[in-house]
Amino acid sequence: MSEIHYKTITELAAALEAGETSSVALTQAVIDRKEAMDGRVKAFLSSAPADALAQAQSSDARRAAGQSLGPLDGIPIGIKDTLAVQDQPLGCASKMLDGYVSPFDATCIAKLRAAGAVIWGRLNMDEFAMGSSTENSAFQTTANPWDLETIPGGSSGGSAAAVAAGEAIASLGTDTGGSIRQPAALCGVVGMKPTYGLISRYGLVAFASSLDQVGPFTRTVEDAALLMEAMLGKDPLDSTSIAPQGETGYAAALKTKRGPWKLGVPKEFFGDGIDPEVKANIEQAIEWYQGQGCEIVDISLPHSELAVPVYYIVATAEASSNLARFDGVRYTHRSEAAKDALTLFTKSRGEGFGDEVKRRIILGTYVLSSGYYDAYYLRAQKVRRLILGDFETAFEQVDAILTPTSPTPAFKRGERANDPLAMYLSDVYTISVNLAGLPAISVPSGFTESGLPIGLQVIGKAFGEADMFAVANAFEQGHDYARQTPNL
Ligand code: GLN
């Protein structure tokens, strides 16, 4: 665990401050690690080592000039291929955007740059963030560093695997229905999805705009808190972004918020479909909290079983509309076989999009079509409100909610690739959180007998990130899972 590529942001910030290492040395170590590992892990779609080293040099120069620097200064952070980074490819792991280079930075990237972070590489994902295994990438399948025969989860599988394998110190992903938390759980790292609106979506290629959020992958809860502090805030370029409410000094609050808390456990999350090892693991985690003096409250989220169907109506409806811009006319793939205006659209889209993306566009177009709109889309919106209501009722009684992050540990490659419904159920514990717009984090909570990581999900109140982090941090501090690394 002493290798530099497995250190935390907090440890590295201290080492940089003490002059024990430099950002160039650290960035080079991460580049070397990527060169050594990524032939097998395949987390990266592309990288620009010279550019990363130039950013690292600037960080070292700032430090040498005696500037007072924040904890992210000089730290290499990997980026999911759905976030715009100026002069880097922006492809969403799709043939549709192959070769496209972004002319601007997403707001979250601009904020990380302002904090001095080294923006490092493009990480693999399910095409347009649709999937739970990263097998829907048009280019490559990422392996789970804990067992290369299994998937890393998705859609931010590259972001999770890169941190788990030490190919980045931290990374960014996006979470529409679980795409940060589920791969974090399956890869044994921390993954966090903020309250809807807390981070600007400007420069995030939209999948389902009312659900999408950017968030961090890190080795520890404290590191996730630091990244969130750097990225949050109202942005004039995203009208759905919201000025933070309540406490936002998350990392400092970890030192003062020590519980004991009232923690809700929803009975609906421990029924059919959960793997017995996962269930036993999460029950143990709940007992641990109880042993620390927390009050465990049985709660009910009665509409939970409707979350997956509601999500696949709302998300596909929004996706069908958002993806209409990829038309072969402007910056996308353009079919050579097009003969006229109509075939330019149809052939370009037919060739550019993969099967899952097409399935979502067809589903979304159907639920929005006249005659079906009221029956599906409008009803789904009403149930979405009921799902939020369940959480509001629960949070009258408790400070945070504990659940498994994923019903199963990492599954084998190919196992669910031809069964979309089985794949959709991978997010059964994460999706309702997006529908309700709440923050949630997955922390490593142990391993299966065969050595695959398991994750505990802590769900917070809207803008209750400070408490959510504190509850997750307490668990992390009481265990040594965050210190464990795969045998690569
Ligand atoms: N797995 C879910 C889906 O396929 C969630 C994806 C996500 O959060 N981006 O839509």
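In the stretch 409-430, of all residues being within 17 Å of VAL190 (Cα to Cα) and not charged (D, E, K, R), the one that is nearest to the chain's Cα centre (by Cα) corresponds to THR430.
Evaluating SER200 against the criteria (1) more than 15 Å from the ligand (Cβ to nearest atom); (2) closer than 22 Å to ASP87 by Cα; (3) out of contact with any Cys (no Cβ under 7 Å at 6 or more places or on another chain) leaves one unmet condition, (3).
Evaluate the following for SER450: is it closer than 30 Å to PRO145 by Cα and surrounded by fewer than 18 Cβ atoms within 10 Å (Cβ to Cβ)? Before you say what the answer is, go through the steps one by one.
Working: closer than 30 Å to PRO145 by Cα: yes; surrounded by fewer than 18 Cβ atoms within 10 Å (Cβ to Cβ): yes.
When the stated conditions are applied, SER450 passes them.
Only a single criterion out of (1) more than 16 Å from the ligand (Cβ to nearest atom); (2) touching a residue at least 60 places away in the same chain (Cβ under 8 Å); (3) out of contact with any Pro (no Cβ under 7 Å at 6 or more places or on another chain); (4) among the aliphatic types (A, V, I, L, M) is not satisfied by VAL118, namely (3). The residues on offer are THR150, THR141, and the sole one that is surrounded by fewer than 24 Cβ atoms within 10 Å (Cβ to Cβ), under 17 Å from ILE454 (Cβ atoms) and polar (S, T, N, Q) is THR150.
Figure legend. Inter-residue proximity from the stretch 69-82: first residues under 17 Å from THR21 (Cβ atoms), second residues aromatic (Phe, Trp, Tyr) and not in a loop (DSSP other than H, G, I, E, B), beta-carbon distance below 7 Å, spacing 6+ or different chains. Indicated pairs: PRO76/TRP120; ILE77/TRP120.
Take the residues of the stretch 183-208 that are part of a loop (DSSP other than H, G, I, E, B) and among the β-branched types (Val, Ile, Thr): which is nearest to the chain's Cα centre (by Cα)? Even if it seems obvious, please write down each step before you answer.
We begin by selecting, within the stretch 183-208, every residue part of a loop (DSSP other than H, G, I, E, B); these are 188-189, 194-203, 205-208.
Within this subset, residues satisfying the condition of being among the β-branched types (Val, Ile, Thr) are 189, 195, 199, 205.
Values: VAL189: 11, THR195: 13, ILE199: 13, VAL205: 14 Å.
Filtering the stretch 183-208 for residues that are part of a loop (DSSP other than H, G, I, E, B) and among the β-branched types (Val, Ile, Thr), the one nearest to the chain's Cα centre (by Cα) comes out as VAL189.
So, in the stretch 305-328, of the ones that are touching a Phe, Trp or Tyr at 6+ places or on another chain (Cβ under 8 Å) and surrounded by fewer than 20 Cβ atoms within 10 Å (Cβ to Cβ), which residue ends up farthest from SER209 (Cα to Cα)? Among them, the one singled out is ASP327.
Selection within the stretch 355-368: residues that are in contact (Cβ under 8 Å) with a residue 24 or more places away in the chain and of a type in the set (Lys, Arg). The member of this set that is farthest from the ligand (Cβ to nearest atom) is ARG359. Residues of the stretch 39-55 include at least one that is among the charged types (D, E, K, R) and under 29 Å from ARG201 (Cβ atoms). Considering the stretch 203-240, the residues that are touching a Lys or Arg at 6+ places or on another chain (Cβ under 6 Å) and more than 16 Å from the ligand (Cβ to nearest atom) include one that is farthest from ALA324 (Cα to Cα), namely ALA230.
So which residues in the stretch 231-240 are surrounded by fewer than 20 Cβ atoms within 10 Å (Cβ to Cβ) and in contact with a helix residue (DSSP H, G or I) (Cβ under 9 Å, 6 or more places away or on another chain), if there are any at all? The answer is GLY233, LEU237, ASP238. Conditions: (1) surrounded by fewer than 21 Cβ atoms within 10 Å (Cβ to Cβ); (2) closer than 30 Å to LEU12 by Cα. SER210 meets all but one. Number of the miss? It is condition (2) that SER210 fails.
In the stretch 172-190, of all residues being farther than 20 Å from GLU127 by Cα and in contact with a helix residue (DSSP H, G or I) (Cβ under 7 Å, 6 or more places away or on another chain), the one that is farthest from the ligand (Cβ to nearest atom) corresponds to GLY188. Among the residues of the stretch 403-455, the one identified as farther than 27 Å from GLN477 by Cα, away from the ligand (no atom under 16 Å from the Cβ) and not basic (Lys, Arg) is GLY414. Of the residues that make up the stretch 37-52, is at least one free of Cβ contacts under 8 Å to residues at least 60 places away in the same chain and either buried (at least 19 other Cβ atoms within 10 Å of the Cβ) or in a loop (DSSP other than H, G, I, E, B) (or both)? No - not one qualifying residue is present in the stretch 37-52.
Anything in the stretch 114-136 that is under 18 Å from ASP419 (Cβ atoms), in a loop (DSSP other than H, G, I, E, B) and over 13 Å from the mean Cα position of the chain (by Cα)? List them, or say none. It would help to see each step written out before you state the result.
So the first thing to find is which residues in the stretch 114-136 are under 18 Å from ASP419 (Cβ atoms), and the list is 126-127, 130-136.
Filter once more, so that each one left must be in a loop (DSSP other than H, G, I, E, B): 126, 130-136.
GLU135, ASN136 - these are the residues of the stretch 114-136 that are under 18 Å from ASP419 (Cβ atoms), in a loop (DSSP other than H, G, I, E, B) and over 13 Å from the mean Cα position of the chain (by Cα).
GLY158 passes all but one of (1) in contact with a helix residue (DSSP H, G or I) (Cβ under 8 Å, 6 or more places away or on another chain); (2) under 30 Å from ALA25 (Cβ atoms); which number fails? The failed condition is (1). Residue count for the stretch 8-34, restricted to those that are closer than 13 Å to TRP120 by Cβ, out of contact with any strand residue (DSSP E or B) (no Cβ under 8 Å at 6 or more places or on another chain) and charged (D, E, K, R): 2.
Exactly one residue out of VAL471, VAL433 is more than 16 Å from the chain's Cα centre (by Cα), surrounded by 24 or more Cβ atoms within 10 Å (Cβ to Cβ) and β-branched (Val, Ile, Thr): that is VAL471. For the condition surrounded by fewer than 24 Cβ atoms within 10 Å (Cβ to Cβ) and under 16 Å from PHE207 (Cβ atoms), ALA129 does not qualify.
As a summary of the residue check, VAL163 satisfies the conditions (1) in a loop (DSSP other than H, G, I, E, B); (2) more than 12 Å from the ligand (Cβ to nearest atom); (3) closer than 21 Å to PRO453 by Cα; (4) of a type in the set (A, V, I, L, M, F, W, C) except for the one numbered (1).
Bear in mind that the values in this text are calculations on the coordinates, not laboratory data. Because the structure is predicted, anything quoted here is derived from the model rather than measured. Ideal geometry is used to build each Cβ from the backbone, glycine not excepted, and the neighbour counts take in all protein chains shown.
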